[in-house]
Amino acid sequence: MAETKPDKPGFLSRLFGRKADAPTAPEPAPATPQAGGEPEAMPSPPTTGADDLTAAPSTVTTASPDTPEENKTPPELAGADLQPIEGLDPEGTNPQEPLPRIVTEHGPELRLDITAADLGTPEPAPAEVLPSPAPETQPAAARGWWQRLTEGMRRTSSSLSDSVTGLFTKRRLDAATLEELEDALVQADLGVPTAMRITEAISAGRYNKEISPQEVKTILAGEVEKTLSPVAQPLIVDRSNKPFVILMIGVNGAGKTTTIGKLSQKFRSQGLKVMLAAGDTFRAAAIEQLKVWGERVGAPVLSREQGADAAGLAYDALQEAKANGSDVLLIDTAGRLQNKAGLMAELEKIVRVVKKFDPSAPHATLLVLDATVGQNAMSQVELFQKAAGVTGLVMTKLDGTARGGILVALAEKFRLPVHFIGVGEGVEDLEPFTARDFAKAIAGLDS
Ligand SMILES: Nc1nc2c(ncn2[C@@H]2O[C@H](COP(=O)(O)OP(=O)(O)O)[C@@H](O)[C@H]2O)c(=O)[nH]1
Ligand SMILES: [Mg+2]
């Protein structure tokens with residue numbers, strides 16, 4: 001996929017000719033149409049009228065959290081609906097995904113109401129309740145989040161770290177060095193404004209002096225944290241909305257279904273009653289994948305047959321969730337390519353229909369972004385924002401890329417809350433987003 005880096009003004013001209021805080025960042029290039037476009041094999045979006053909400057029978061699979069693990073998940077289903085961004089639908093040809101591990105752990109992010117009591121000390125995470133099927137030297141959950149975060153983000157941090165070390169070892173700080181650093185930061189997807197702020201913070205008072213790579217990393221982390229702090233916001237499940245409706249959106253393969261599973265586990269471990277709606281009705285495998293997650297986390301899944309109207313299904317799910325006293329309803333959706341008007345229209349329809357049932361719903365619309373797509377995440381935010389009114393972001397796959405810096409650029413540009421980040425496929429590999437930890441991890445600093 002062709003990547004477009006925003007141009008930036010030269011460092012020298014800024015150092016000598018312009019104010020540090022002058023507006024400088026040109027917009028990133030608009031969405032480039034995805035190579036390959038719409039998959040021909042993908043069924044057309046259902047065209048059932050918005051009001052025809054009971055056209056197809058729905059099934060609710062009742063989940064049992066007590067089901068023994070060995071009876072639960074066929075491994076091939078764990079990532080079965082992965083599709084590449086290019087829109088190809090290699091159903092049945094995906095690599096098999098490892099089984100997510102089940103742990104009960106939860107952090108302070110899942111506060112149930114905005115009350116002072118909820119702002120108290122986070123509870124310690126309970127021990128892993130089921131053995132990990134993955135033969136690992138050390139169980140992931142036991143390693144702790146900081147370790148998983150830093151290990152996961154190693155590719156991003158080591159590429160930045162290498163640049164910093166290469167540039168600042170036994171060298172005086174001059175304009176050329178700073179310009180090279182700025183280039184490296186832009187290359188690392190941090191975004192032009194943040195890259196400029198970092199180089200300016202580094203140059204302040206240190207011109208023509210030596211500065212150690214460690215000092216540079218500390219300043220870098222500080223500036224990144226400044227950008228991220230305003231967006232690092234917990235997802236608050238307001239229990240006055242029952243059910244609290246969360247709509248998950250994003251392109252195919254971003255990690256929506258997996259994130260629903262991980263989030264459900266967190267909600268369930270807090271004693272919340274969770275229901276799932278299999279709104280990705282385009283492919284049977286996607287429906288199955290959600291059912292598997294529902295079963296393993298103990299959440300009923302409302303589904304219909306492949307090709308059913310997703311908006312109608314969402315409506316049914318709301319009714320069912322209300323009737324059975326669910327606290328949270330998570331609605332999965334198909335991976336709508338952001339440049340496909342028809343698919344976007346269908347997403348808008350889901351939102352409209354949900355609002356018919358409850359005008360305040362969806363209470364959260366979470367856009368799931370795959371960090372490995374780099375700058376393309378920018379256009380995804382813009383387009384999904386228009387179609388569905390994104391209330392918050394979840395960034396996945398920070399473990400699979402050197403492009404984790406994109407989160408900083410997104411924060412700078414859109415200022416949308418970032419609720420969670422994912423650094424792996426396991427159920428424990430999703431945690432609330434915290435600015436300081438992320439900034440330190442990206443800079444390659446110890447905790
Ligand atoms: N490495 C890694 N893989 C992830 C992460 N989140 C999701 N995945 C994998 O990405 C693939 C696609 O996820 P899925 O939830 O099916 O995406 P969806 O199409 O948006 O529903 C699956 O194989 C997941 O296991 C993550 O944080 N790290
Ligand atoms: Mg999915």
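Decide, for region 281-409, between rounded, prolate and oblate: order the square roots of the alpha carbon gyration tensor eigenvalues as a ≥ b ≥ c, take rounded if a/c falls under 1.5, and otherwise choose prolate if a/b is larger than b/c, else oblate. Because a/c hits 1.5 or more and a/b exceeds b/c, region 281-409 counts as prolate. When the listed pairs 226/356; 291/349; 256/322; 242/291 are checked against a 32 Å cut-off, the alpha-carbon distance exceeds it for 226/356.
Legend: calculated FRET efficiency, residue 155 to residue 180, from the Cβ-Cβ distance at R0 = 22 Å, rounded to 0.05, equals 0.60. Put a dot 7 Å past the Cα of residue 226, heading toward its Cβ, do the same for residue 208, and the two dots end up 2.5 nm apart. With the largest listed first and rounded to whole Å, the semi-axes of the equivalent ellipsoid of region 151-290 from the Cα gyration tensor are 44, 17, 13.
Mean projected area of the Cα convex hull of region 243-294, taken over all directions, amounts to 3.5 nm².
Computed over region 297-352, the P(r) curve from all C-alpha pair distances, binned at 10 Å from the origin, holds 21, 49, 25, 5 percent per bin. Is the shape of region 401-447 best called rounded, prolate or oblate, per the rule: a/c under 1.5 gives rounded, else a/b larger than b/c gives prolate, else oblate, with a ≥ b ≥ c the square roots of the Cα gyration tensor eigenvalues? Oblate shape, in that a/c is at least 1.5 and b/c is the bigger or equal ratio. Looking at region 339-435 alone, DSSP beta bridges between its own residues are antiparallel in about 25 percent of cases. Between rounded, prolate and oblate, where does region 211-308 land on the alpha carbon gyration tensor, with a ≥ b ≥ c its root eigenvalues, rounded for a/c under 1.5, else prolate if a/b exceeds b/c? Prolate, since a/c reaches 1.5 and a/b exceeds b/c.
Counting only Cα atoms, region 183-262 measures 60, 30, 20 Å along its principal axes, largest extent leading.
All of the numbers you see were taken from the coordinates with simple rules; none came from a lab. Just so we're clear, the structure is a prediction, and the values are computed from it rather than from any experiment. Neighbour counts are summed over all protein chains in view; Cβ atoms, including those assigned to glycine, are modelled from backbone coordinates with ideal geometry.
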